[in-house]
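Take this structure first; my questions come after.
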Amino acid sequence: MSPILELTNVSFGYDNNLILEDISLCINTGDYLGIVGPNGSGKSTLIKIILGLLKPTRGSVKLFGQDINLFKDWGKIGYVAQKAASFNASFPATVEEVIAANMYPQIGLFKRIKKEHLQRVYDVLEVVEMKAYGKRLIGNLSGGQQQRVFIARTLVSSPKIILLDEPTVGIDIQSQDRFYNLLNELSTKMGITIVIISHDIGVITQKVKQVACMGDKKLIVHNKSSGEPLPKVLTKVYGEGMDLLHHHH
């Protein structure tokens, strides 16, 4: 079976400023990968390349065994942006409308939502434990609740992989714990492949199965089952003096 995602010798830069250099990464079904690195190390650039929003200067990207330039089945790939939870209280959409908006390939734009589509909306809301909030305005929810709604929004198209870019920024620690528990359930019970970007190394390394460290334009992947201690890998990326802080929630 071909990998879900395969990057081979990918480089990217603007003019003479190289951001990513010669990066290779292979993600298989069921992986739960955290990509960590300091701000400005190119983590968000990497996600944009995977989503086809940026074209690599060199190298190739394959999704589900197909060259990204030919890939059409974007419903298989869910994406939750950093601060998706930036709706203010006056934003006039309900939770069910926000989720149904991701079903427009099935529903059609500006058409009424049919009963079976609404059922699907509430099925995914149940998965993220937000079923009681369907009629609520998205802007009236807390940051943690909004992020769970955005997970539901991606689930509605039955993705095989979900990419998340700093999804817990600005969310309180209790909500972060619930959020990571939800991701773990999506990974273990639903078999969805998860790729999460974070600068919070201490937390993310406890939650994921594999860690990819970004720094100095490079990417080093560490499989937690390999036996090599993570601090040693982090030292390769960040240099000596790297202290791995675990946040005790």
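No lab work stands behind these numbers, since they all come straight from the coordinates. These numbers were taken from a predicted model, which means no experiment stands behind them. A quick note on method: Cβ atoms are made from the backbone with ideal geometry, for glycine too, and the neighbour counts reach across all protein chains shown.
Mind giving me the nanometre distance, one decimal, between the label points for residue 122 and residue 26, set 7 Å out from Cα along Cα→Cβ?
Label-label distance for residue 122 and residue 26, simple model: 4.5 nm.
While we're looking at this one, here's another question. Which parts of segment 1-20 would a label at residue 67 reach, counting a residue when its backbone N lies under 19 Å from a point 7 Å out along Cα-to-Cβ?
Answer for this model: 2-12.
Determine the gain in length on full extension of the stretch residue 185-residue 169; use 0.36 nm per residue of separation and subtract their C-alpha separation, reporting nm with one decimal.
This chain segment gains 3.7 nm when fully extended.
With labels modelled as points extended 7 Å from the Cα through the Cβ direction, what inter-label distance (nm, one decimal) is found for residue 82 paired with residue 160?
2.9 nm
Students often get this wrong, so check it: of 160/217; 62/160; 76/189; 160/209; 189/209, which have C-alpha atoms separated by over 21 Å?
160/217
Next question. For an R0 of 35 angstrom, estimate the FRET efficiency from the Cβ-Cβ distance between residue 94 and residue 60 and round to the nearest 0.05.
Efficiency computed from Cβ-Cβ geometry: 0.25.
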